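Everything on this sheet refers to the single structure shown next.
The values are calculated or read from the model by the stated rules, or taken from the named source; none is laboratory data. Note that the structure is a prediction, hence the values are computed from the model and not measured. Here the Cβ positions follow ideal geometry from the backbone for every residue, glycine too, while neighbour counts run over all protein chains shown. Just the protein is used for accessible areas: all its heavy atoms, side chains included, with ligands, DNA and RNA removed. Shrake-Rupley method; radii C 1.70, N 1.55, O 1.52, S 1.80 Å.
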Amino acid sequence: MISQLNKLQLDEQGRLRHLLSLDGLDATRLTALLDRAEKFVARPGAPIRVSDSLRGKTVANLFFEASTRTRASFELAARRLGADILNLDINLSSGTKGETVLDTVRTLEAMNVDAFVIRHAETGIQQMIAENVATHVAVLNAGESHANHPTQGLLDALTIRQHKPDFESLNVAIVGDIRHSRVARSAVHVLSALGVADLRLVAPKSLLPVDEDLPGRDFTDMDEGIKDCDVVMMLRIQKERMQAGNIPDFAEYHRQFGMNEARLEITKPNAIVMHPGPMNRGVEISDAVADGPRAVILEQVNNGVAVRMAVLETLLEKRIS
Ligand code: NCD
């Protein structure tokens, strides 16, 4: 399944054709994407870098699940490269008309859309679309159920690299609702490929993955899991993906697994705290940490645009004839 996805996202010359998953991409390719993204990172107060490299290309955002930051980030990325961008919030509208996802894609393909940025609550939709589009069309996974969120993984890796460039010396804890998190899975894929020394998955037993062989050491005690960490990546409690009865008591959850100022003392003194957003303040993270000096949450957002520019350019530039 996983190598199948990786096969599908590479063309015959081994170039990236779609971005469906970070699983299977090696450190060289990941580093090249991060290097390209770094050039697009906007520094506060400095003019943003824009380019014309995708002038004449059209990107469609197809979001079947709510999103603010990822959607806006892809939109700005496409615009800053000179592409046209079409935003379609499909929610239930075409579903109720009985149109399949593939019909929607085929319709837009007929209008010469070059790239589809797709978010969907089910697994396998991006793969199915990638199997069916014309060879010059790219599919970018913008969030697939609990399974993949590759541009988030890249922006997380870029943010870590800006603060702590030597991945092989890092202790990284991913904390929270790992079971339902595509952010965690993509982070695990990229951080293990980049050689993070000690990758830890920290969650109550009920929120650790079941029957899944993710790299990383499991911890069910937060204080042990974040001890001496250089990076603590907090995750959102995914209420919408939980079975009834599985939703924790939030006050108790915060006591046991919330990031707060006292817990910062357990990490390395210069550790950074990450969160993909949107945050449940007071649940997985306290206001003081979220708004404090160790949080790099808005840097993640800033890096997100740069990463999406790098990915769009990588996927679409070779199609400029
Ligand atoms: C994440 C997502 O939607 O997967 N957010 C995001 O992309 N910024 C994380 C989340 O919803 O918890």
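Which pairs turn up if I take residues in the range 262-280 that are closer than 17 Å to residue 184 by Cα and look for partners that are β-branched (Val, Ile, Thr) and in a helix (DSSP H, G or I) with beta carbon separation below 6 Å, at least 6 apart in sequence or on another chain?
Matching pairs, first to second residue: 273/289; 275/297; 276/183.
Select from the range 227-240 the residues that are within 15 Å of the ligand (Cβ to nearest atom) and either open to solvent by 40 Å² or more (accessible area, probe 1.4 Å) or acidic (Asp, Glu) (or both) and write down the one among them that is nearest to residue 153 (Cα to Cα).
Going through the qualifying residues, I end up with 236.
Quick one: count up the residues across the range 282-299 that are within 16 Å of residue 262 (Cβ to Cβ), out of contact with any strand residue (DSSP E or B) (no Cβ under 8 Å at 6 or more places or on another chain) and either touching a residue at least 60 places away in the same chain (Cβ under 8 Å) or in a helix (DSSP H, G or I) (or both).
Final tally of qualifying residues: 1.
Need the failing condition index for residue 193 against (1) among the small types (Gly, Ala, Ser); (2) away from the ligand (no atom under 16 Å from the Cβ); (3) surrounded by 22 or more Cβ atoms within 10 Å (Cβ to Cβ); (4) over 16 Å from the mean Cα position of the chain (by Cα), just the number.
Of everything listed in (1) among the small types (Gly, Ala, Ser); (2) away from the ligand (no atom under 16 Å from the Cβ); (3) surrounded by 22 or more Cβ atoms within 10 Å (Cβ to Cβ); (4) over 16 Å from the mean Cα position of the chain (by Cα), residue 193 misses just condition (4).
What tally of residues in the range 265-278 results from selecting those that are touching a Lys or Arg at 6+ places or on another chain (Cβ under 7 Å) and open to solvent by 20 Å² or more (accessible area, probe 1.4 Å)?
Count: 2.
Residues that are open to solvent by 70 Å² or more (accessible area, probe 1.4 Å) and modelled with pLDDT of 95 or more: which strands (runs of 3 or more DSSP E) entirely in the range 65-171 hold 1 or more of them?
Values: elements: 84-89, 115-120, 138-144.
Those strands (runs of 3 or more DSSP E) span 84-89.
Looking at (1) in a helix (DSSP H, G or I); (2) within 25 Å of residue 43 (Cα to Cα); (3) open to solvent by 80 Å² or more (accessible area, probe 1.4 Å); (4) not aliphatic (A, V, I, L, M), which one does residue 302 not meet, given that it meets all the others?
With (1) in a helix (DSSP H, G or I); (2) within 25 Å of residue 43 (Cα to Cα); (3) open to solvent by 80 Å² or more (accessible area, probe 1.4 Å); (4) not aliphatic (A, V, I, L, M) applied to residue 302, the lone miss is (3).
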